[in-house]
Amino acid sequence: MPRTSGEKDRFYASDAGDGPPPRAGHETASAHLVVRVLRARPEDTVGHARARLAEGDLSVDSAEAVWLLDEHRRLVGAVPMPRLLAAPPDQTLAQIAIAPVPAVALGTDQEHIASLALHQGLTSVPVLDARGHFAGVVPPQALLEVLRREHVEDLHRFAGIGPEDARAREAIEAPPTRRARDRLPWLLVGLFGSMIATFIVAGFEEALQSKVAIAFFVPGIVYLADAVGTQSEAIAVRGLSLSRLPLRRLLAGELRTGLLIGVTLALLALAPIWWWFGDAQLALAVAIALLAASACATTIGFALPWLLARSGRDPAFGSGPIATIVQDLLSLLIYFWTVRALLL
């Protein structure tokens, strides 16, 4: 039985009386949901859809696509606006639609939504309610804001700024007392770690007294381990959040990369140190320490965010001062153990 014009308009209207979106967390799909979007039936023609647009009486919050719904308000496809404007008028929307369309639930985390949009090439992401009915979309502006906000928060966590519920965008505008309060907890962890590092160095006093040149390489080894670990942290934090590859594959690839970096640094350092100090054993000890410290730093820099991601927490919390102090302590232990084994 053919539908009347009123039925077509009712179903195609952007504000189809679904009511406001349910309330949920401020970092979920429902927080960014817009309900006034272009809707149509799959059997509607391109000409009818363009005619409705030409009438100019539609009030929409997002018009990147026409979302195709069946009689039960279930999403069956989407027609991007450029495809709608270029198609012959006698074609049905189902013939030119993209189907199936990836969709998310109302409670889906906003970072997962942005990741889905990137990997699927979506300008907006459809949202389904608890019954599987089409509820609306997360529009492009919201996706960009999510990506920017998550990026800024991760940068601040790398620096050890702010607790989990702190708004990263307020960090630079907060009063000095607030800024100090947000930063100090992580720096206190660093202070405790630096005291342990001092005890480690003091424990190898005999080795330092027997060959003072051993001390020359401590800053360089610690720095390189930190630099390698920081690179791994950055890759892990963003990769684990946005990549769709299995975690084991990502971890294995980063571990192999760390070993390759360590071997390269060791080979580059071996000959110059041997030539300058005239001590092959010292050069070998530094090279082995660089190799081992780089491999360990890569493992720590990737493993801490990875473990947090597996536990369901934000991987950014595994970076920053905590990872740095762990890398420093291990680098010192590796270096002095190698020196003791080869030189003493």
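Available extension along the chain between V263 and H119 is 48.4 nm, counting 0.36 nm per residue and deducting the alpha carbon span. Legend: calculated FRET efficiency, E206 to L307, from the Cβ-Cβ distance at R0 = 30 Å, rounded to 0.05, equals 0.20. Ordering W337, W67 by the number of other Cβ atoms within 10 Å of each residue's own Cβ, fewest first, gives W337, W67. Footprinting exposure proxy ranking of L333, L267, fewest other C-beta atoms within 10 angstrom first, gives L267, L333. From least to most packed, judged by other beta carbons within 10 angstrom and beginning with the fewest, L147, L85, L291 follow the order L85, L147, L291.
We did not get these values from a lab; they are worked out from the coordinates using the rules stated. Model, not experiment: these values are computed from the prediction. Neighbour counts run over all protein chains shown; Cβ positions are idealised from the backbone, glycine included.
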